[in-house]
1. Return the aspartates and glutamates within reach of Lys149: Cα separation strictly under 17 angstrom, same-chain partners fewer than 8 residues apart disregarded; answer none if there are no such residues.
2. How do the peptides 99-107, 114-122 rank, highest first, by the average count of neighbouring beta carbon atoms within 10 Å per residue?
3. Could you tell me which residue out of Val31, Phe90, Ile108 lies farthest along the dipole of the range 1-129 toward its positive end? Charges go on the beta carbon: Lys and Arg +1, Asp and Glu -1, centred on the Cα centre.
4. Only counting other Cβ atoms within 10 Å, I'd like Val40, Val75 sorted with the fewest neighbours first.
5. Return the long-range amide H neighbours of Ile58 (sequence gap of 5 or more, or a different chain), with a cut-off of under 5 Å between placed amide H atoms.
6. Charges at C-beta only: +1 for Lys and Arg, -1 for Asp and Glu. How large is the resulting dipole of the range 22-159 about its Cα centre, in Debye rounded to 20?
7. Which trypsin sites (Lys or Arg not before Pro) in the range 1-96 pass both tests, a DSSP loop state and at most 15 other beta-carbon atoms within 10 Å?
8. Count the lysine pairs in the range 1-128 whose Cα atoms lie under 20 Å apart, taking only pairs 8 or more positions apart in sequence or on different chains.
Amino acid sequence: MVATTARISPSLEDYLEGVLIVKEKKGIVRVKDLAKLLNVRASSVVEALQKLKERKLIVQQHYGYVELTPEGTNVAKTLYERHNTLTRFFHEVLGIDEKTSEEDACKIEHYLSRETFERIVKFIKFIETCPLDPPEWLSSFHYFVKHRKRPPKSRAKHPR
């Protein structure tokens, strides 16, 4: 979880991230937009927004638009970056389809330790700066996943 003044639950993190996403897409954030994005009832959104207000992560006038506070913006951006990084890792590195990558990132983004997440970030940076483009071993891995065997020209030992 992301460190805030008062820790928030994974569910509230999803709502906070949702506010950021809707704001970026539509310019304004309404309860019905969050309900649609998160596939929940409007009453659930209202309840979650109240908790985020109490933690001073959002501001909202009665029945008005939702705005992130500066702290709320920082937390939401951190969550969104974490989500996108994991989605990219699953899709681009592991070769998992986009929909599954997105769903899995959403599920684990709240529970992954800082150490593990930072190692994933370093791994992605390593791949991106590898002198071979794409790295031969990564292409071989994708071939292995697709064909259930190593590529014909692979120099690696075959699994037992």
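1. Candidates past the 8-residue exclusion: Glu136.
2. Working: 99-107: 15.1, 114-122: 12.4.
Top to bottom by mean Cβ count within 10 Å: 99-107, 114-122.
3. Val31
4. If I rank by nearby Cβ atoms, fewest first, I get Val40, Val75.
5. Lys53, Thr69
6. Magnitude of the dipole: close to 320 debye.
7. Qualifying residues, ordered by number: Arg7, Arg41, Lys56.
8. So the count of such lysine pairs works out to 23.
FYI, it's all coordinate maths here, none of it is from the lab. Just so it is clear, the structure is predicted and the values come from calculations on it, not from any experiment. Cβ atoms come from the backbone with ideal geometry, glycine included; neighbour counts cover every protein chain shown.
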